[in-house]
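Written out below as structure tokens is the structure these notes cover.
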Amino acid sequence: MDCSNREYKANELEEIQKYASIFLPISDIALILDIPAEQLREDIKNRQTLVSQAYLRGKASSKVKLHMQEMQLAMVGSPLALENAAKNLLDMEDDE
């Protein structure tokens, strides 16, 4: 299947970022935007594309919010949050 990169309009990139920020699956994003799912998936895999950057930025922005909440809960002594914060630290160090 030929899945060459397509040009995405600014409003499509904004929508993709918004939907990625709520962790909507690529297949659902594609359906909403009337884009073939395989096309969108391939374009997102190419980290040099604007669509990939928008998708990853949306996803990362919500991860930031989740990590912040997790850290706040850890600071007040939530055992599960402490465990998750420690895991997040290890993941961070592994990525350095």
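The values are calculated or read from the model by the stated rules, or taken from the named source; none is laboratory data. Here the structure is a predicted model, which is why all the values come from computation and not from measurement. Here the Cβ is made from the backbone with ideal geometry for all residues, glycine too, and neighbour counts use every protein chain on show. To get the accessible areas, we keep the full protein, side chains included, count just its heavy atoms, and leave off ligands, DNA and RNA. Shrake-Rupley method; radii C 1.70, N 1.55, O 1.52, S 1.80 Å.
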Helix-only estimate, please: 222 nm mean residue ellipticity of the chain, summing -39500 (n - 2.57) across DSSP H runs of length 4 or more and dividing by its residues, to the nearest 500. -24000 deg cm²/dmol
Could you order the peptides 37-43, 74-80 from most to least packed, using the average number of other C-beta atoms within 10 Å per residue? 37-43, 74-80
If you build the convex hull over the alpha carbons only and average its shadow over all orientations, what do you get for the chain? Give it in nm² to one decimal. 7.5
Extension length gain for Leu33 and His67 (0.36 nm per residue less Cα distance), in nm, is 9.3 nm
The chain - accessible surface per residue (Å², probe 1.4 Å): 72
Report, to the nearest whole %, how much of the accessible area of the chain belongs to carbon and sulfur atoms, 1.4 Å probe, protein only. 56
Charge sum, other residues only, whose C-beta stays under 14 Å from Gly77's C-beta, Lys/Arg counted +1 and Asp/Glu -1: -2
Taking the chain as the reference, fit the longest principal axis to its C-alpha atoms, fit the long axis of helix 79-94 to the helix C-alpha atoms, and give the angle between the two in degrees, 0 to 90, nearest 10. 60
State the answer as a single residue: which of Ile32, Leu56, Ser21 lies farthest towards the positive end of the charge dipole of region 16-96, with beta carbon charges of +1 for Lys and Arg and -1 for Asp and Glu, about the Cα centre. Ile32
Where in region 1-85 are there chymotrypsin sites (Phe, Trp or Tyr not before Pro) that are in a DSSP coil and have at most 15 other Cβ atoms within 10 angstrom of their Cβ? Phe23
